[in-house]
Amino acid sequence: MTSAADQPLGGSHGERPGDPGPVPATGPGAAADPIRGRARGTAPAPLSILDLATVGAGHTAGEALAATTELARAAESWGYHRFWVAEHHGMPGVASSSPAVLLAHLAAHTSTLRLGSGGVMLPNHAPLAVAEQFGLLEALHPGRIDLGLGRAPGTDQATARALRRGLSEGADDFPQQLAELTHFLDGDFPAGHPYARLRAVPSGEGRPPIWLLGSSGFSARLAGRLGLPFAFAHHFSAANTVPALDLYRSSFEPSAVLDEPYALIGVSAVAAQDEEAALRLARSAGLAMLRLRQGRPGLIPTPDEAAAHPYTPAERDFLEEWLGTMVLGAPAQVAQGLERLRARTGADELMVTSHIHGHTARRHSYALIAQAYGLA
């Protein structure tokens, strides 16, 4: 869910200043639905996190992954419903190149939090390999795994070619790849199919629900036609959010998975003590995105670097437009902004992401959002 059409939407574990206390993740009334989220506390809707294992300037990928692990543990205690990671390649500022590997690690360090891919870029992989990886995750951690799928590479064309060596299909064949993956997960290829006698192992003890990810109408329509849940990348395609969700709902056909549409949207959100402090943090994400769009991906710059950057008029326009799609400010401002966005789009669930520099600031932002939104 994080960078182009239909792509992917790090300490101690004690409480810190500004953190809400732990929230029970199970118990009477806990949702058993594998798809629909549960709103915790007094929150008006389920709230989740998309994390990219962000690597900031001055830090290493190992430190970023350790921070993501700590953040997942904290998110579980704060009452977030699910925690997704995304597949990206060739981006120094993003350490989550292999969602299946990272999810196995996160699942071993949490106990109730739903974990998933936001997403796996299916054209980069053989469907059988994805079925085996996520079948194994489901067997290890039953009832906790989501399989979110995108149809773009999550990288540049040269890297995509290197990833897909030996794979003839691309994004245009996504519906066929998805059908093949689903048959491998369910073990139900029709008689006479070339793969009818093949089995993805492990399988048969349940499988993770499939989500389609999107930043345009293609996956919205496909998710609706197949009766699957849909996750839209509002955080980098805000102008397309309402049209895509409308298309999803109008295309929806009930299935064995869902009897009515269920959609979440990814939202860039940053909370701090006041709006100016949040804006200062958010500018580091804006400069990182600017450099990515210019073909110069790198580590997430510090707020000082972002403030001192000599922006051209065109770059400043890009930054202002980018910041305009974010929900940021003091905690109450962010909570109100998230609710306005949910009301405007009709989203069933919100998935916040803070692609900012520094784990302390990022963790504090998620803690403030959880508290202000009513999770605790």
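Annotations
- Of all the listed residues (Leu181, Leu163), the sole one being at pLDDT below 95, over 18 Å from Tyr262 (Cβ atoms) and not polar (S, T, N, Q) is Leu163.
- Total residues in region 261-297, condition closer than 28 Å to Leu149 by Cα and over 22 Å from the mean Cα position of the chain (by Cα): 3
To keep it simple, each residue is scored yes or no on (1) in a loop (DSSP other than H, G, I, E, B); (2) surrounded by fewer than 24 Cβ atoms within 10 Å (Cβ to Cβ).
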| residue | (1), (2) |
| --- | --- |
| Glu87 | yes, no |
| Gly90 | yes, yes |
| Gly118 | no, no |
| Ala129 | no, yes |
| Glu132 | no, yes |
| Leu147 | no, no |
| Ala158 | no, yes |
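- Restricting region 245-273 to residues that are among the polar types (S, T, N, Q) and in a helix (DSSP H, G or I), the residue that is farthest from Val334 (Cα to Cα): Ser251
- Tally of residues being modelled with pLDDT of 95 or more and either part of a loop (DSSP other than H, G, I, E, B) or crowded, with 23+ Cβ neighbours inside 10 Å (or both) across region 234-244: 3
- Residue within region 53-63 that is in a helix (DSSP H, G or I) and either farther than 20 Å from Pro297 by Cα or among the hydroxyl-bearing types (Ser, Thr, Tyr) (or both) present: no
- Residue list for region 96-105, filter: buried (at least 24 other Cβ atoms within 10 Å of the Cβ) and modelled with pLDDT of 95 or more: Pro99, Leu103
- Any chance Ser77 is of a type in the set (S, T, N, Q), closer than 22 Å to Gly150 by Cβ and either at pLDDT 95 or above or within 15 Å of the chain's Cα centre (by Cα) (or both): no
- Inter-residue pairs, beta-carbon under 6 Å, first on the phi > 0 side of the Ramachandran plot and in region 56-80, second aromatic (Phe, Trp, Tyr) and surrounded by fewer than 19 Cβ atoms within 10 Å (Cβ to Cβ), 6+ apart: none
- Among the residues examined, Ala200 does not qualify as buried (at least 23 other Cβ atoms within 10 Å of the Cβ) and out of contact with any Phe, Trp or Tyr (no Cβ under 9 Å at 6 or more places or on another chain).
- Residues that are touching a Ser or Thr at 6+ places or on another chain (Cβ under 8 Å), of a type in the set (D, E, K, R) and modelled with pLDDT of 95 or more, drawn from region 115-152: Arg144, Asp146
- Checking Leu292, Leu279 one by one, the residue that is of a type in the set (A, V, I, L, M, F, W, C), surrounded by 14 or more Cβ atoms within 10 Å (Cβ to Cβ) and closer than 24 Å to Pro331 by Cβ is Leu279 and no other.
The values are calculated or read from the model by the stated rules, or taken from the named source; none is laboratory data. Computed from a prediction, not measured in an experiment: that's the story for all the values here. Note: ideal-geometry Cβ built from the backbone for every residue, glycine included; neighbour counts use all protein chains shown.
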